[in-house]
Amino acid sequence: AIVAAVAPLVLAFALLPPVRDWALKLSLRSLIAVHLVRFVGFYFLYLYQQHALPFRFAVWGGIGDIVVAMLAILLLLGVNWRPTLLAWNLLGLVDIMAVAITAARSEMAVPGSMHQLDQLPLVLLPTLIVPVVIATHLLMLARLWRTTFVS
């Protein structure tokens, strides 16, 4: 589901100049602010404590999301040194991909273990929030790439 949602966003960016122009004009602060939603990691930890989510997903994914969200706050407060933004962006992208893979593996290993992601509010994660988070990471990487290698 996540790949199916991200692919059209990437294709639109790659193939449609008006979409690409619009996306490249979005403020970095706005793109970074999207990642504050990753404080959902606290809810993952709560659900693990309630035995409603598996350890690997809830604890490792939750902590990773919380760290990425906390670092986003630092970036929003003005720490925008280019290498810092690149490091945060790569960390956040790796984290969200690992969380998505862990969720899929957990569900395959123990069917029903990820049932919380099948109902509101968490159903919004795989259907909307995670694809947008991945797309913003890719967009920021594209912008960093353009400013480095395109004059």
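What to note about this one:
- Taking the longest Cα principal axis of the chain as reference, the axis of helix 2-15 is set at about 10 degrees.
- Highest-first arrangement of 8-19, 120-131, where packing means the average Cβ count within 10 Å: 120-131, 8-19
- The chain - convex hull of the alpha-carbon atoms, volume per residue in Å³: 110 Å³
- Value at 222 nm in deg cm²/dmol, rounded to 500, when DSSP H runs of n ≥ 4 in the chain each add -39,500 (n - 2.57): -21500 deg cm²/dmol
- Protein heavy-atom accessible surface, 1.4 Å probe, per residue over the chain: 59 Å².
- Additional length obtainable on full extension of the chain from Ala1 to Tyr43, 0.36 nm per residue less Cα span: 12.9 nm
- R0 of 30 Å, Cβ-Cβ distance Leu15-Val59: FRET efficiency to nearest 0.05: 0.15
- Of all accessible heavy-atom area on segment 42-106, the percent that carbon and sulfur account for (1.4 Å): 73 percent
- At most 12 other Cβ within 10 Å, DSSP loop - chymotrypsin sites (Phe, Trp or Tyr not before Pro), segment 31-73: none
The values are calculated or read from the model by the stated rules, or taken from the named source; none is laboratory data. Remember, predicted model here, so these are calculated numbers, not experimental data. Note that each Cβ is placed from the backbone with ideal geometry, even for glycine, and that neighbours are counted across all protein chains shown. The area values use the complete protein model at the heavy-atom level, side chains included, leaving out ligands, DNA and RNA. Shrake-Rupley method; radii C 1.70, N 1.55, O 1.52, S 1.80 Å.
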